[in-house]
1. Going through segment 220-243 one residue at a time, which ones are outside any loop (DSSP other than H, G, I, E, B), surrounded by fewer than 20 Cβ atoms within 10 Å (Cβ to Cβ) and either touching a strand residue (DSSP E or B) at 6+ places or on another chain (Cβ under 7 Å) or at pLDDT below 95 (or both)?
2. Could you tell me whether segment 244-255 includes any residue that is in contact with a Ser or Thr (Cβ under 6 Å, 6 or more places away or on another chain) and part of a loop (DSSP other than H, G, I, E, B)?
3. Starting from residues that are surrounded by 13 or more Cβ atoms within 10 Å (Cβ to Cβ) and among the polar types (S, T, N, Q), keep the ones in segment 157-192 and report whichever is nearest to H119 (Cα to Cα).
4. Before we move on, is N177 in contact with an Asp or Glu (Cβ under 8 Å, 6 or more places away or on another chain) and at pLDDT below 95?
5. Failed condition for L215, given (1) touching a Pro at 6+ places or on another chain (Cβ under 8 Å); (2) over 20 Å from G118 (Cα atoms); (3) buried (at least 23 other Cβ atoms within 10 Å of the Cβ), with all others met?
6. Which of (1) in contact with a Ser or Thr (Cβ under 9 Å, 6 or more places away or on another chain); (2) touching a residue at least 60 places away in the same chain (Cβ under 8 Å) does H203 not meet, given it meets every other one?
7. Where in segment 18-110 are there helices (runs of 4 or more DSSP H), lying fully within it, with 2 or more residues that are buried (at least 22 other Cβ atoms within 10 Å of the Cβ) and free of Cβ contacts under 8 Å to residues at least 40 places away in the same chain?
Amino acid sequence: MNNKKMDQDMPDIAKRIRRNIIELAHVSQGPHVGTALSCADILATLYFQVMDLDDWDKRDIGILSKGHGAMSLYATLAERGIIDKELLKGYCLNDGTLPAHLDRFAAKGIEVSAGSLGHGFCMGLGMAYGFKKAGSDRRVFAVVGDGECQEGSIWEGALFAPTMGLDNFSVVVDCNNLQGYGRPEDLCSFEPFVDKWKAFGWHAIEVDGHDHAALKHALTEPTGGKPRAVIARTTKGKGVPFMEDELVWHYYLVTEEIRIKALEAQQ
């Protein structure tokens, strides 16, 4: 597929990913549908436009450090053809196929086990460092949450990456401005966010996290030898108007009635 055609297809790809997230949330009767919806455009852009996945043994590495958003990664991997869509039917069920939080042994394309916040980011840095030492041109992309950036391990890693010259590492922060118990600025503020990453020695840029073209540009522009930080401003529950920017969808379950309403309301 040529690049222009892929650019045109991105909204439909992201919409299919979101519809599968709704289905997964309904099948499992589990939480975190809002956080999965917020990063769907980020993952769609990474897996369909940015990451090199053609030679699996030499692939770029994609990590979802905010492991409670697992539904978004599963739906993206299925849409990309990396895992069989049949696996989605067993999400978060007893004796099922895919766990509620990421387990790297569960299926192809799950690069790390994640759920304890801050860990996936640092594991990705270790991978990027290993690739550098081995003289490999493989790259690592990690998606973290804004609330996750209150973890000390994030900032330890943020110091490590530029010191080691890890220009093969990119972090995308899914800034949906909601975490488990409220707004980040009310709980443990980290603004001015872009300035902090820059001060730590990163090539940092802020974009609309639902704009595929802006995300692609931010994830591919030269960084001058620095690690890359993309601060992606997103909306929790994106694509389902009655879920958007509502804290309750960190926890509320998708009943059959809500499933129907959410699929009908998909933007």
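The values are calculated or read from the model by the stated rules, or taken from the named source; none is laboratory data. On a predicted model such as this, the values are computed, not experimentally measured, just so you know. Neighbour counts run over all protein chains shown; Cβ positions are idealised from the backbone, glycine included.
1. If the condition is that a residue be outside any loop (DSSP other than H, G, I, E, B), surrounded by fewer than 20 Cβ atoms within 10 Å (Cβ to Cβ) and either touching a strand residue (DSSP E or B) at 6+ places or on another chain (Cβ under 7 Å) or at pLDDT below 95 (or both), then R233 is the only one that fits.
2. Yes; the residues of segment 244-255 include at least one that is in contact with a Ser or Thr (Cβ under 6 Å, 6 or more places away or on another chain) and part of a loop (DSSP other than H, G, I, E, B).
3. If we take residues in segment 157-192 being surrounded by 13 or more Cβ atoms within 10 Å (Cβ to Cβ) and among the polar types (S, T, N, Q), then S170 is nearest to H119 (Cα to Cα).
4. Answer is yes for this residue.
5. Looking at each condition in turn, L215 falls short on (1).
6. Unmet for H203, out of (1) in contact with a Ser or Thr (Cβ under 9 Å, 6 or more places away or on another chain); (2) touching a residue at least 60 places away in the same chain (Cβ under 8 Å): (2).
7. Working: elements: 33-38, 40-45, 70-80.
By residue number, 70-80.
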